[in-house]
1. Calculate the FRET efficiency for Q17 and Y82 from the Cβ-Cβ distance with a Förster distance of 30 Å, rounded to the nearest 0.05.
2. Taking amide H positions as placed 1.01 Å from N in the peptide plane, with prolines and chain starts having none, which residues 5 or more places from A7, or on another chain, fall under 5 Å of its amide H?
3. Go ahead and run the numbers for FRET between C64 and I6, Cβ-Cβ distance against an R0 of 22 Å, rounding to 0.05.
4. How large is ³J(HN,Hα) for each residue in segment 61-75, as worked out from phi by the Karplus curve 6.51 cos²θ - 1.76 cosθ + 1.60 (θ = phi - 60°), to whole Hz, x for Gly and Pro?
5. Using only alpha carbon pairs under 8 Å that are at least six residues apart, calculate the relative contact order of segment 11-81 and give it in whole percent.
Amino acid sequence: MEDKTIAIPPGWTIQEQAEDRGISRKDLADQMSMAEGDIVRLIRGDIALSEDIAMRLETIFGICARYWLDLEALYRKKKRRYPTVSLDIGSGDS
């Protein structure tokens with residue numbers, strides 16, 4: 001039986017939470033005191049979600065920092081074992 005497990009970056013959840021709240025990437029970057037390009041890299045999983053970033057996400061979304069850190073740890077663990085998927089976040093203002 002073929003294993004279909006994939007590594008999904010926590011950025012997918014960040015993107016989803018922002019969209020659900022009507023927060024654009026630019027606004028999210030402003031609220032997190034980060035460059036918009038860094039937000040894009042975070043969403044894609046190109047940069048790690050640090051404790052500092054987790055605390056900022058907790059403040060913005062009301063989801064505890066531990067949740068974000070656990071998602072990051074799981075992603076990095078799975079990334080070593082399984083293929084990753086690419087998130088096409090487009091050039092829009094989502």
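Coordinate-derived values only; no laboratory data. Being a predicted model, the structure only gives us computed values, none of them experimental. When we count neighbours, we look across all protein chains shown, and the Cβ atoms used for this are built from the backbone with ideal geometry, even at glycine.
1. Working: r = 24 Å, r/R0 = 0.79.
Using R0 = 30 Å, I get an efficiency of 0.80.
2. Close amide H contacts, sequence-distant or interchain: T84, V85.
3. Details: r = 25 Å, r/R0 = 1.14.
Approximately 0.30, to the nearest 0.05.
4. Once θ is set to phi - 60°, the couplings for segment 61-75 become 9, x, 10, 4, 4, 4, 4, 5, 5, 5, 4, 5, 4, 5, 4 Hz.
5. Numbers: 51 pairs, mean separation 16.0, N = 71.
Result for segment 11-81 is 22 percent.
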